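A.B. asks: First the structure, then my questions, so here it is.
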Amino acid sequence: MKFVDEVVIHVESGDGGNGCVSFRREKFIPKGGPDGGDGGKGGDVIFKCSSQRYTLFQFLFRSNFKAKSGSHGQGKNKKGKKGDDVIIEVPPGTLLKEAESGRILKDFIKPGEFFLALKGGRGGRGNKYFASSTNRAPRYAQKGEKGKKLSLKLELKLLADVGIVGLPNAGKSTLISRLSSAHPKIADYPFTTLSPTIGVVNKDEETRFTIADIPGLIEGANQGAGLGTRFLRHVERTRLLLHLIDISHGDLDQIIDSYHTVNNEIKEFNIKVLEKPQVVVLNKIDIDAGRRVAEKAKDTMREFNPDVWTISALTGEGLKPLKEYLGLLVEKARQKKFQF
């Protein structure tokens, strides 16, 4: 399934049904009074946060949603039927905004949350409602209220325990494929990952956590360079960051530059993200140059971040203790009040 994290849709609530003009007609009752029923209310537009949704993919095929109109009132005081609501399901992490103003209407976090986006039009009153001592036989009824229209922008920010960040070709896709059951595209060229991938990691029989592969960042990403801010926003929703760095070239200065480049882009986008726990992982020690520089790089990186690991995502070396450690960090993070 294609990962879609930004769409514009158009919604419309249902029209209210018209009230009815009717008079009581029964045998032996020559002058029956008004008995026109009210029109039914139009259907509402409701959003629901569903754990069964992972992307906004479904909106590529359908972007217009209209609730049903209420039925018209009938004689014998019969009220029209209410129009059916339209319920639109979105994944956790979805921001609902007014397309034109950008105003945030709802931030969906937990599955099961509902949000009433548009109310349906009111049903019109039947002529019985307008009867009075001076007008005992009103020959008019109220029309139903029209439904409302609105264009909405949906933005998805992934909800994951661990977000993997790093420059292109750091090995993020390989790492997530080894830690979880996810199968992202893997190749030896920049921007292999064009959309985020989420995997579920089983630390043990009782502990599971989610890990997201955030597409590679480059210098200037916060201003739109490379894959731009479209994927930077996904790191906002993670509990902690795994900063993956390619050391296969054996250049210590380049390793340090890689670390600062990614963190600077995150800082420029949202400095609060850098307050999250960050684990630095030096990858590709299966390459001779990487293994030779690994220990020196580890010692040097600890000047910036004390939490440094060395692994080979390709061969699996060092992955088991790293997975255990990530599981412990996630458990600690979950115990804290987590605000997105």
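The values are calculated or read from the model by the stated rules, or taken from the named source; none is laboratory data. Keep in mind that what you see is a predicted model, and the values were worked out from it rather than measured. Methodologically, a virtual Cβ is constructed for each residue, glycine included, from the backbone with ideal geometry; neighbour enumeration extends over all protein chains shown.
A.B. asks: Residues that are closer than 18 Å to Leu158 by Cβ: list the helices (runs of 4 or more DSSP H) wholly contained in region 227-329 that include at least 1 such residues.
C.D. replies: Ranges flagged: 229-232, 252-269.
Yes/no matrix, rows are residues, columns are (1) modelled with pLDDT of 85 or more; (2) in the same structural domain as Lys276 (by TED's automatic domain parsing); (3) touching a helix residue (DSSP H, G or I) at 6+ places or on another chain (Cβ under 7 Å); (4) of a type in the set (S, T, N, Q):
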site	(1), (2), (3), (4)
Thr174	yes, yes, no, yes
Ala182	no, yes, yes, no
Ile186	no, yes, yes, no
Glu206	no, yes, no, no
Asn222	no, yes, yes, yes
Ala225	no, yes, no, no
Leu240	yes, yes, yes, no
Ile247	yes, yes, yes, no
Gly250	yes, yes, yes, no
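A.B. asks: Given the conditions (1) under 30 Å from Asp107 (Cβ atoms); (2) of a type in the set (Val, Ile, Thr); (3) surrounded by fewer than 24 Cβ atoms within 10 Å (Cβ to Cβ), which single one is not true for Val45?
C.D. replies: All conditions are met except number (3).
A.B. asks: Taking the condition modelled with pLDDT of 95 or more, assigned by TED's automatic domain parsing to the domain that holds Ala141 and touching a helix residue (DSSP H, G or I) at 6+ places or on another chain (Cβ under 9 Å), does Glu89 pass?
C.D. replies: It is true that Glu89 is modelled with pLDDT of 95 or more, assigned by TED's automatic domain parsing to the domain that holds Ala141 and touching a helix residue (DSSP H, G or I) at 6+ places or on another chain (Cβ under 9 Å).
A.B. asks: Right, another one. Answer yes if at least one residue in region 127-137 is part of a loop (DSSP other than H, G, I, E, B), among the polar types (S, T, N, Q), modelled with pLDDT of 95 or more and not assigned by TED's automatic domain parsing to the domain that holds Leu241, and no otherwise.
C.D. replies: no
A.B. asks: Take the residues in region 33-52 that are of a type outside the set (A, V, I, L, M, F, W, C) and touching an Asp or Glu at 6+ places or on another chain (Cβ under 6 Å); name whichever of them is nearest to Thr134 (Cα to Cα).
C.D. replies: In this case the residue turns out to be Gly42.
A.B. asks: So for region 258-272 (the condition being of a type in the set (A, V, I, L, M) and within 24 Å of Val200 (Cβ to Cβ)), does at least one residue qualify?
C.D. replies: No, region 258-272 contains no residue that is of a type in the set (A, V, I, L, M) and within 24 Å of Val200 (Cβ to Cβ).
A.B. asks: Can you pull out the strands (runs of 3 or more DSSP E) entirely within region 6-118 that have at least 3 residues that are touching a strand residue (DSSP E or B) at 6+ places or on another chain (Cβ under 7 Å) and touching a residue at least 60 places away in the same chain (Cβ under 8 Å)?
C.D. replies: It comes to 6-12, 45-49, 86-90, 114-118.
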